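Data block below; observations after.
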Amino acid sequence: MTIFTKIIEREIPADIVYEDELALAFRDINPQAPTHILVIPKRPIARITDVEPDDEALLGHLITVCREIAEAEGVAESGFRLVVNNGRDGGQEVEHIHVHLLAGRRLSWPPG
Ligand code: 5GP
C-alpha cells in the first residue's frame, strides 16, 4: 500500500480539491509551482508500464478531471502542464499512477 492509498482511505490527511467514484485530487505536499495538484485513480495502478487496455477509460477520465480542476483553479486560460513520472529515470517516487497538474508560473522547457 502506498501513501496515496492512505490518502484515499483518509488514514492520512491531504488538501483534497476533487473527488468522485474513480478519482481523487489533492495538493502536492511539496509544491513545485503555485498550483501543484496530484490527480490519481482510486484504483491503484503502480506505473504507466502496468497500464492495460481496460484502463483506458479510467486514465482518460483523469484528463477530464485535470481540465475541471484547471478551470476551478483559474489556470485553464493562462496554461498548465500535466506530468506523469514513470520509473527511476522518470523520477517516480510513489508507485501509484498520478498526474501532476502544475500551473501559476511560466514553466521552463525542456524539464530538468
Ligand atoms: P512522483 O515523484 O512519484 O512523480 O511524485 C510524487 C509526489 O507526491 C511528489 O511531488 C511529492 O511531493 C508528493 N507526495 C509525497 N508524499 C505525499 C503526501 O503524503 N501528501 C501529499 N499531498 N503529497 C505527497
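Each reported figure results from applying straightforward, stated rules to the coordinates on display, with no laboratory input. The structure presented is a predicted model; accordingly, all values stated were derived computationally and were not measured.
Computed from backbone phi, the HN-Hα couplings of segment 55-66 come to 8, 4, 5, 4, 5, x, 4, 4, 5, 4, 4, 4 Hz, rounded to whole numbers (Karplus: 6.51 cos²θ - 1.76 cosθ + 1.60, θ = phi - 60°; Gly and Pro given as x). Estimated from helices alone, the mean residue ellipticity of the chain at 222 nm is -7000 deg cm²/dmol (sum of -39500 (n - 2.57) over DSSP H runs with n ≥ 4, per residue). Phi angles of segment 78-91 translate, via the Karplus equation with coefficients 6.51, -1.76, 1.60 and θ = phi - 60°, into HN-Hα couplings of 5, x, 7, 10, 9, 10, 10, 6, 9, x, 4, 5, x, x Hz per residue; Gly and Pro are given as x.
With contacts taken as Cα pairs under 8 Å at a separation of at least 6 residues, segment 20-112 carries a relative contact order of 37 percent.
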